[in-house]
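S.K.: First the structure, which I've put down as structure tokens, then a few questions once you've had a look.
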Amino acid sequence: MFRFFLFLSLVAILSSCEKSETLNYEAAADIHIAWELVSNFQDNPDAFEARFILENQSADFTLTNRKWTLFFNIAPRPIIDHTQPQPAFLTHINGDWYRMEPNENFSLKPGDRLEIYYMGTEAVIKETDAPLGLYFVFYDDEGNEDAIVEVNNYTILPFERKEQILRGTNDFEELPSAERFYRDQEGLSLVSANEIHKVLPTPFLITTATGKLQIDNSWYIHFDESFEREAAFLEKKLAALTTTKFTKGTDTQGGKKIHLRKGNISVNNKKEEAYTLRMSDNVITITGTDAPGVFYGIQSLLAMVPADAYLKLSPSFEIDKVQIDDAPRFAFRGLHMDVSRNFQTKETILKTLDVMAFYKLNHFLFYTTEDEGWRLEIEGLPELTEVGAQREHTRSMHDPVLHPAYGSGPFAYKSGYHGSGFYSKTDFIEILKYAAERHITIIPELNFPAHARAAIKSMEARYERLMMEGKEDEANEYRLIDPDDTSVFLSAQGYKDNVVSVARESTYRFYQKVMDEIANMYREAGLELKMVHAGGDEVPEGSWTQSPMASELMKTLPDITDPQNLQAYFFRELLKRLEAKGFEVHGWEEVALLRDESGNYVPNPEFTNRKVVPYIWNNMFGYPDLGYKLANAGYEVVLCNVSNFYLDLADNNDPKEPGLYWAGFVNLKNSWAFAPFDFYKTTWKNNMGRKLDPKIDFEGLEKLKPQARKNIRGLEAQLWSETIKGGEMMEYYMLPRLIAFAESAWAKERTWETIENTEQREKMMDQGWNVFVNTLGQKDLPRLSALNGGYHYRIPLPGAVIENGFLKANVEMPGLKILYTTDGTEPNSGSSLYDKPIQVNGLVKLRCLDAAGNMSRTIEVNQTKAFP
């Protein structure tokens with residue numbers, strides 16, 4: 001059906017071209033478009049003003065007041081009427097898809113320039129918020145689409161003024177500046193190489209012995225039979241580090257050896273994943289109760305290798321002698337990755353699994369279904385990838401096609417764009433095997449009942465195809481909507497059509513079909529699917545309110561009077577089916593909640609003993625204690641706190657620093673400084689930057705009961721991909737914050753977590769923080785440049801001030817160096833190296849440099865101005 005739909009569209013365009021006058025639409029590519037955020041400071045405190053600037057640089061093409069539309073994607077914001085008439089107007093279509101159309105007075109002749117102002121709600125402060133994927137569609141006299149022309153001459157004007165960088169009068173954040181970064185980093189100091197952590201995440205107990213060991217291929221890898229896979233992993237890593245071949249086996253040999261052995265050990269009263277590492281002159285012994293423990297012992301051994309040995313390969317390297325006793329604080333240490341909004345290649349996923357394993361993370365929540373894309377091949381449902389895995393221009397949001405999103409442009413699978421793509425069955429099985437070899441459990445997520453637009457559109461294409469073939473029963477077998485539903489809603493991401501019908505049995509049949517096929521892929525990988533994630537978040541207000549099928553269903557459910565609580569009904573019915581297959585069912589916190597008579601969320605006691613695991617993201621808005629309420633009510637929960645672990649949120653409010661900020665900013669320290677049993681202590685600001693006092697702002701909220709600590713199963717970091725384009729950008733968002741997260745998830749409880757006095761707690765915290773960032777700056781950051789083929793990690797900007805004519809500069813990660821220039825040129829590897837205050841006059845440009853030769857962006861400072 002989908003191919004037939006495209007064929008009809010093509011025929012319509014070709015036939016309309018024959019009827020219409022011949023126009024040189026290609027000349028529209030000579031229309032230059034610029035976009036600028038004008039101001040976030042408006043009479044309406046929730047509004048912003050922006051403008052498009054159109055300049056016609058063509059020789060003979062006029063853009064008139066009819067027969068064209070400019071389409072684009074922009075960070076979803078409701079459009080509001082401008083106070084002044086404009087030559088064109090903007091309309092929100094769906095999601096982040098918008099259009100611009102001309103008013104009667106519009107005319108853009110060759111050489112002309114027009115400015116089109118518009119207003120919207122919610123501030124815009126990032127370059128990643130700007131319109132993307134712009135293209136014109138031209139129409140003939142009958143309104144048929146005549147041509148599509150991409151805008152290739154497009155500029156995002158810089159954010160430089162206060163009113164462009166702050167979010168209006170309610171923004172408590174400071175302007176980003178070299179001076180601000182200098183103040184933030186002023187308490188940090190360089191420590192010696194002996195004082196930094198030898199292993200991250202830090203082991204439960206590590207003791208340094210005297211002397212060093214030289215590792216080369218004379219060391220034999222001896223392993224107990226149950227650890228053959230771990231031995232092969234170690235052999236491969238050592239061979240790569242030394243460019244030599246190591247030998248391994250189960251037979252005992254003389255000489256130097258690395259012994260992987262099974263033993264009945266317990267560390268901090270934990271056996272699972274626990275290990276010990278012992279070193280003597282001729283023997284390194286890694287002992288584990290199980291294979292994961294031995295594997296993590298291997299990772300600690302590899303972490304002992306100096307960064308230089310990763311950067312400059314040689315046949316041997318030295319490591320310090322240590323003894324380690326180690327076990328994780330939490331059994332669940334996860335990373336969630338969204339590949340639906342913007343696709344990531346299989347190779348990027350494998351590299352992500354590698355760095356997760358190195359830092360001892362063990363669960364990967366693979367988010368392959370969303371409104372904007374379905375990324376996994378499912379046998380028997382080809383439309384899921386033929387329709388749901390690609391985005392392209394379509395005449396209407398109602399067509400069985402995924403429209404452009406996040407700048408994906410009008411054409412599917414165009415090189416350099418990230419809106420189209422999927423994993424074949426073969427790809428997915430390879431990913432499953434790769435993860436299992438690294439003791440990472442992949443959890444598939446099928447997010448229903450909301451966030452389901454890709455599935456809905458795919459199944460509508462299937463429905464239309466089969467109806468045309470006269471197969472009505474088969475057409476309805478997996479249909480996901482009530483076709484007579486006229487409910488009006490707007491999802492958190494701006495969608496008007498992303499919720500499935502909870503009243504159709506075919507909705508549950510579809511879910512079961514997909515999970516059955518995924519389970520089959522696990523079996524083909526030699527694994528068993530045990531955990532599934534059902535999503536369940538952000539069902540928009542108004543869903544099902546005008547659905548005849550939902551109304552009929554509610555007549556049979558006297559306990560449900562509010563259509564919003566049909567979400568609980570849906571999860572109840574879904575859970576029955578998933579439990580029958582033996583699955584443990586995970587979901588976002590909403591799956592375990594109900595709305596009471598006042599409309600407030602309260603824990604739903606129905607699922608407490610049903611192998612249901614809620615993931616808690618909200619520790620800031622309206623119900624910041626929900627996580628603890630659910631844990632106290634008996635649910636095992638995974639903490640995913642938005643203020644600490646949302647890696648897609650920007651590090652800070654520098655307009656060039658990519659990322660979202662709807663919940664504020666998440667920097668490296670936020671991910672490191674997390675007290676899971678009292679996270680009020682480590683929720684430092686609200687989403688607008690106002691500093692929070694736990695004793696005031698969280699007064700009266702429910703605290704975690706001591707007996708409920710066991711219900712904190714673990715922690716998870718989130719990486720949503722609205723603003724992430726490609727693998728390098730994903731790695732920039734993820735690293736090094738993922739290392740800080742790993743410290744929170746694996747390392748033992750830190751002393752400062754239990755200190756009630758704020759001043760004493762912060763003093764103790766700062767001491768630990770200084771050592772951690774020194775470890776990153778001196779070792780872990782440069783090592784990432786070579787680890788697993790190298791990662792594109794973020795290097796923070798230096799801080800700088802000019803006082804009495806002298807430049808002072810510092811870094812967030814001591815161990816990084818600072819390069820600077822005073823002649824206006826960009827600093828490079830040959831520029832002057834800052835090592836003490838120097839006298840300057842005028843503009844200074846600075847960059848950070850790590851030991852691998854990688855640099856940060858440039859920051860500027862002078863006597864009067866200091867913006868990135």
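The values are calculated or read from the model by the stated rules, or taken from the named source; none is laboratory data. Given the structure is predicted, the values throughout are model-derived calculations rather than measurements. Cβ: placed from backbone, ideal geometry, glycine included. Neighbour counts: every protein chain shown. When the accessible area is computed, the model is the full protein with side chains, heavy atoms only, and any ligands, DNA or RNA have been set aside. Shrake-Rupley method; radii C 1.70, N 1.55, O 1.52, S 1.80 Å.
S.K.: Give me the pairs: first residue in the range 307-321 and under 14 Å from residue 193 (Cα atoms) and free of Cβ contacts under 8 Å to residues at least 40 places away in the same chain, second residue open to solvent by 80 Å² or more (accessible area, probe 1.4 Å) and assigned to a loop (DSSP other than H, G, I, E, B), beta-carbon distance under 6 Å, and six or more apart or on different chains, which are they?
M.R.: Partner pairs satisfying both residue conditions: none exist.
S.K.: Enumerate the pairs (first residue in the range 506-532 and more than 26 Å from residue 439 (Cβ to Cβ) and assigned to a helix (DSSP H, G or I); second residue anywhere and open to solvent by 10 Å² or more (accessible area, probe 1.4 Å) and among the hydrophobic types (A, V, I, L, M, F, W, C)) with beta-carbon separation below 9 Å, excluding pairs fewer than 6 apart on the same chain, so at least 6 apart or on different chains.
M.R.: Matching pairs, first to second residue: 507/481.
S.K.: Yes or no: residue 202 modelled with pLDDT of 95 or more, exposed (fewer than 13 other Cβ atoms within 10 Å of the Cβ) and among the hydroxyl-bearing types (Ser, Thr, Tyr)?
M.R.: When the stated conditions are applied, residue 202 does not pass them.
S.K.: Looking only at the range 830-868, which residues are among the hydroxyl-bearing types (Ser, Thr, Tyr) and modelled with pLDDT under 95?
M.R.: Residue satisfying the conditions is 864 alone.
S.K.: Go through the range 308-326 and count every residue that is open to solvent by less than 10 Å² (accessible area, probe 1.4 Å) and hydrophobic (A, V, I, L, M, F, W, C).
M.R.: 3
S.K.: I need the full set of residues from the range 763-786 which are farther than 16 Å from residue 189 by Cα and open to solvent by 10 Å² or more (accessible area, probe 1.4 Å), in order please. Spell out the reasoning first.
M.R.: Step one: of the range 763-786, the residues farther than 16 Å from residue 189 by Cα are 780-786.
The answer is 785, 786.
S.K.: Which condition does residue 544 not pass, out of (1) modelled with pLDDT of 95 or more; (2) in contact with a Lys or Arg (Cβ under 8 Å, 6 or more places away or on another chain), if it passes all the others?
M.R.: Only one criterion is unmet by residue 544, namely (2).
S.K.: Within 27 Å of the chain's Cα centre (by Cα) and either among the hydroxyl-bearing types (Ser, Thr, Tyr) or within 30 Å of residue 211 (Cα to Cα) (or both): is that true of residue 309 in this structure?
M.R.: In short, no.
S.K.: Going through the range 724-751 one residue at a time, which ones are in contact with a helix residue (DSSP H, G or I) (Cβ under 7 Å, 6 or more places away or on another chain), over 20 Å from residue 361 (Cα atoms) and open to solvent by 10 Å² or more (accessible area, probe 1.4 Å)?
M.R.: 751
S.K.: Shifting gears a bit: For the range 729-738, indicate whether the set of residues that are of a type in the set (A, V, I, L, M), part of a loop (DSSP other than H, G, I, E, B) and closer than 26 Å to residue 174 by Cα is non-empty.
M.R.: First, the residues of the range 729-738 that are of a type in the set (A, V, I, L, M): 729-730, 734-735, 738.
With the extra rule that they be part of a loop (DSSP other than H, G, I, E, B), the set shrinks to 735.
Adding the requirement that they be closer than 26 Å to residue 174 by Cα leaves 735.
Scanning the range 729-738, I find at least one residue that is of a type in the set (A, V, I, L, M), part of a loop (DSSP other than H, G, I, E, B) and closer than 26 Å to residue 174 by Cα, so the answer is yes.
S.K.: Acidic (Asp, Glu), touching a residue at least 12 places away in the same chain (Cβ under 8 Å) and out of contact with any Leu (no Cβ under 6 Å at 6 or more places or on another chain): does that describe residue 36?
M.R.: Against the criterion (acidic (Asp, Glu), touching a residue at least 12 places away in the same chain (Cβ under 8 Å) and out of contact with any Leu (no Cβ under 6 Å at 6 or more places or on another chain)), residue 36 does not qualify.
S.K.: Does residue 464 count as part of a helix (DSSP H, G or I), touching a residue at least 24 places away in the same chain (Cβ under 8 Å) and open to solvent by 50 Å² or more (accessible area, probe 1.4 Å)?
M.R.: yes
S.K.: Would you check if residue 589 is modelled with pLDDT of 95 or more and open to solvent by less than 20 Å² (accessible area, probe 1.4 Å)?
M.R.: It is true that residue 589 is modelled with pLDDT of 95 or more and open to solvent by less than 20 Å² (accessible area, probe 1.4 Å).
S.K.: Between a first residue in the range 828-844 that is closer than 15 Å to residue 861 by Cβ and a second residue that is open to solvent by 80 Å² or more (accessible area, probe 1.4 Å) and of a type outside the set (Gly, Ala, Ser), which pairs have beta carbons less than 7 Å apart while being 6 or more apart in sequence or on different chains?
M.R.: If the second residue must be open to solvent by 80 Å² or more (accessible area, probe 1.4 Å) and of a type outside the set (Gly, Ala, Ser), the pairs left are 837/806; 838/806; 839/806; 840/822; 842/822; 844/822.
S.K.: So if I check each of 334, 249, 263, which one is closer than 30 Å to residue 95 by Cβ, out of contact with any Phe, Trp or Tyr (no Cβ under 6 Å at 6 or more places or on another chain) and open to solvent by less than 40 Å² (accessible area, probe 1.4 Å)?
M.R.: Going through 334, 249, 263 in turn, just one is closer than 30 Å to residue 95 by Cβ, out of contact with any Phe, Trp or Tyr (no Cβ under 6 Å at 6 or more places or on another chain) and open to solvent by less than 40 Å² (accessible area, probe 1.4 Å): 334.
S.K.: Test residue 678 against the criterion of being closer than 28 Å to residue 710 by Cβ and of a type in the set (Asp, Glu), and give yes or no.
M.R.: Considered against the rule, which asks whether it is closer than 28 Å to residue 710 by Cβ and of a type in the set (Asp, Glu), residue 678 comes out as yes.
S.K.: Checking residue 755 against (1) β-branched (Val, Ile, Thr); (2) over 30 Å from residue 368 (Cα atoms); (3) out of contact with any Lys or Arg (no Cβ under 6 Å at 6 or more places or on another chain), only one condition comes out false. Which one?
M.R.: The number of the failed condition is (3).
S.K.: Related question: If you take just the strands (runs of 3 or more DSSP E) that sit entirely in the range 795-836, which of them hold at least 1 residues that are open to solvent by less than 20 Å² (accessible area, probe 1.4 Å) and touching a strand residue (DSSP E or B) at 6+ places or on another chain (Cβ under 7 Å)?
M.R.: By residue number, 799-803, 806-810, 817-821.
S.K.: Right, something else. Starting from residues that are touching a residue at least 12 places away in the same chain (Cβ under 8 Å) and part of a loop (DSSP other than H, G, I, E, B), keep the ones in the range 693-706 and report whichever is farthest from residue 622 (Cα to Cα).
M.R.: 705
S.K.: Take the residues in the range 673-692 that are of a type in the set (D, E, K, R) and in a loop (DSSP other than H, G, I, E, B), then tell me which one is least open to solvent (accessible area, probe 1.4 Å).
M.R.: 681
S.K.: Here is a list of conditions, (1) touching a residue at least 60 places away in the same chain (Cβ under 8 Å); (2) more than 29 Å from residue 172 (Cβ to Cβ); (3) open to solvent by 10 Å² or more (accessible area, probe 1.4 Å), and residue 637 meets all of them except one; can you say which number that is?
M.R.: Residue 637 satisfies all of (1) touching a residue at least 60 places away in the same chain (Cβ under 8 Å); (2) more than 29 Å from residue 172 (Cβ to Cβ); (3) open to solvent by 10 Å² or more (accessible area, probe 1.4 Å) except (3).
S.K.: Which one is least open to solvent (accessible area, probe 1.4 Å) among residues in the range 212-233 that are touching a strand residue (DSSP E or B) at 6+ places or on another chain (Cβ under 7 Å) and in a loop (DSSP other than H, G, I, E, B)?
M.R.: Step by step, filter the range 212-233, then rank; the result is 219.
S.K.: Of all residues being in a helix (DSSP H, G or I) and in contact with a Phe, Trp or Tyr (Cβ under 9 Å, 6 or more places away or on another chain) in the range 431-456, which is surrounded by the fewest Cβ atoms within 10 Å (Cβ to Cβ)? Just the residue, please.
M.R.: Taking the candidates together, the pick is 437.
S.K.: In the range 850-864, is there at least one residue being more than 28 Å from residue 658 (Cβ to Cβ) and in contact (Cβ under 8 Å) with a residue 40 or more places away in the chain?
M.R.: Yes, the range 850-864 contains a residue that is more than 28 Å from residue 658 (Cβ to Cβ) and in contact (Cβ under 8 Å) with a residue 40 or more places away in the chain.
S.K.: Related question: Being within 28 Å of the chain's Cα centre (by Cα) and open to solvent by less than 50 Å² (accessible area, probe 1.4 Å) is true for just one of 347, 273. Which residue is that?
M.R.: So the residue among 347, 273 that is within 28 Å of the chain's Cα centre (by Cα) and open to solvent by less than 50 Å² (accessible area, probe 1.4 Å) is 273.
S.K.: Next question. Looking at this structure, is residue 121 open to solvent by 20 Å² or more (accessible area, probe 1.4 Å) and either under 30 Å from residue 650 (Cβ atoms) or not aromatic (Phe, Trp, Tyr) (or both)?
M.R.: Numbers: open to solvent by 20 Å² or more (accessible area, probe 1.4 Å): yes; either under 30 Å from residue 650 (Cβ atoms) or not aromatic (Phe, Trp, Tyr) (or both): yes.
In short, yes.
S.K.: Evaluate the following for residue 98: is it of a type in the set (Phe, Trp, Tyr) and open to solvent by 50 Å² or more (accessible area, probe 1.4 Å)?
M.R.: Numbers: of a type in the set (Phe, Trp, Tyr): yes; open to solvent by 50 Å² or more (accessible area, probe 1.4 Å): no.
Answer is no for this residue.
S.K.: Let me ask something else. Of the residues 497, 562, 485, which is open to solvent by 20 Å² or more (accessible area, probe 1.4 Å) and modelled with pLDDT under 95?
M.R.: Numbers: 497 fails: modelled with pLDDT under 95; 485 fails: modelled with pLDDT under 95.
After applying the criteria, what remains is 562.
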